[in-house]
Amino acid sequence: MDKIIIQGGKPLYGTVSVSGAKNASLPLLAATLLVPGRHVLHNVPDLRDTRTMLKVLETLGARWERDGGTVHIDTRYLSRAEAPYELVKTMRASVLVLGPLISRTGYARVSLPGGCAIGARPINFHLRGFEQLGAMITLDQGYVEAAIKGRLQGNVVYFDTPSVTGTENILMASVSAEGTTVIKNAAREPEIGNLVDMLTSMGARIEGRGSDHLTVHGVQELRPAEATIIPDRIEAGTYLLAVAATGGEVTITDCRPAHLPALVEKLRSAGVHIEEQETTLTISCPAESVGPVQRLRSVDIRTMPYPGFPTDLQAQFMALMIQADGSSIIHETIFENRFMHVAELQRLGADIKIDGSSAIVRGRPPHELCGAQVMATDLRASACLVIAGLAASGTTEVSRIYHLERGYENMVAKMQALGADIRKIRE
């Protein structure tokens, strides 16, 4: 098993590029199942999760090949409509094949999903939505079975709480439904806009892109698509927070600053200087090692659906606040079990108290944070521990980094290029 070794206390300087978005790649890969043909997706990151989704497609009968960041997928000959437990257990987003399979074949059997242990994250929103479109849903020995007679029927689907994968699944199912489907209280994340663009290029008719009210006019025929994955806003945000935590000056390229409004404003409130251009972000933050500097200010955050503060950046932001001046309160409103990184940050010397769905963080000077052996518990917690290790003095060892490799392409190499003393070794 691999682990990461970090010698902390070094500021970061240079330029780093952002890879394609994991959370956009997965639904776009699943969407290729909607119509037989040869599809082309550009800017697909090479991650554990994208490899898992490609294995799921292969299990269903699709063929694919990768050429750098471009993936060619041939979905003409599906041989089965079942996504097995062995694959789905490792990645919750595998459930995204439900919608396309129901739409195309009229039947799907998909294992109940696994993935990061950050909360229950039930798929009842998906299943209720499929039922409202006319699918018959049954649960059998850990599998979801969905079947329809004829075509799905357009209807109104309302989400009690905005669900990203729920919105994506219902979108993909409804593009070929008979009549009109209205998705109310839909999630608004940029990754959903990326999916809407791909579905539109396939011939779908969708209104309301970027809003919480999507109207889908079902069509009888779709065509294969060529699409480009948007930059990963969570990766870009992670690099912003790493520089803020260590000091230095870094330009982040191939990103979409407009996709990170809440994080950028919170960092500015903390005292970080950020310059935005259309596809770049430049962050500068004085390093403690270059002389007496004012510490960053503590800032409260509350995770919210987009365009609010992303839950996928909550752990990384906490890694910054543990060394800020003053106390901050971090409210987690999306997932009920997303503070597992707190115990690991405490091993580095962080002063954090959990109170229900909130964490009270009392910042300490960076030199009081000392490296230690820590263990990643989920994808974003692993990035949090890397940031904390880069900022702390001494050596930090992060184990179970397979979580990190689910969602960050070449993070160690990218950090090394910025001057970080970080390496991956095999235990």
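What follows draws every value from the coordinates through simple rules; no lab data is involved. Computed from a predicted structure; not experimentally measured. Glycine also receives a Cβ, built like all others from the backbone with ideal geometry; neighbour counts cover every protein chain displayed.
Rounded to the nearest 20 debye, the dipole size of the chain about its Cα centre is 500 debye, using +1 on the Cβ of Lys and Arg and -1 on the Cβ of Asp and Glu.
In terms of its C-alpha gyration tensor, segment 233-343 comes out oblate, because a/c is 1.5 or above while a/b does not outweigh b/c. Close amide H pairs (under 5 Å, H built 1.01 Å from N) link Asp300 with Ile329, residues at least 5 positions away or on another chain.
Shape of segment 129-183 from its Cα gyration tensor (a ≥ b ≥ c, root eigenvalues): rounded if a/c is under 1.5, otherwise prolate when a/b > b/c, or oblate? Oblate, because a/c is 1.5 or more while a/b does not exceed b/c.
Phi angles across segment 371-386 convert, under the Karplus curve 6.51 cos²θ - 1.76 cosθ + 1.60 with θ = phi - 60°, into 3J(HN,Hα) values of x, 7, 7, 9, 10, 6, 10, 7, 4, 6, 4, 5, 5, 4, 5, 5 Hz, Gly and Pro given as x.
Remark on Ser176: its backbone amide H falls under 5 Å from those of Val219, a criterion applied only to residues 5 or more positions apart or on other chains, H modelled at 1.01 Å from N. Between Ser17 and Thr253, the built amide H atoms are under 5 Å apart, and every one of these is 5 or more places off in sequence or on another chain. For segment 135-271, the Cα-based Rg and Dmax, in that order, read 19.0, 60 Å. By other beta-carbon atoms within 10 Å, ranking Ser328, Ser211, Ser111 with the fewest at the front produces Ser211, Ser111, Ser328.
For segment 22-228, the normalised intensity computed at q = 0.08, 0.10, 0.13, 0.14 Å⁻¹ comes to -0.22, -0.35, -0.62, -0.73 (log10 of I(q)/I(0), Debye sum over alpha carbons, equal scatterers, no solvent).
Computed over every Cα-Cα pair of segment 329-427 and binned at 5 Å starting from 0, the pair-distance distribution P(r) comes out as 2, 13, 22, 24, 19, 13, 6, 1 percent. At q = 0.09, 0.10, 0.13, 0.14 Å⁻¹, what is the base-10 log of I(q)/I(0) for the chain according to the Debye formula with one equal point scatterer per Cα and no solvent? Please give it to two decimals. Debye curve over Cα of the chain, log10 I(q)/I(0) at q = 0.09, 0.10, 0.13, 0.14 Å⁻¹: -0.55, -0.68, -1.08, -1.22. Were the residues from Asp67 through Glu178 laid out at 0.36 nm apart, the gain over their Cα-Cα distance would be 36.2 nm. The orientation-averaged shadow of the Cα convex hull for segment 6-142, equal to a quarter of the hull surface, comes to 10.9 nm².
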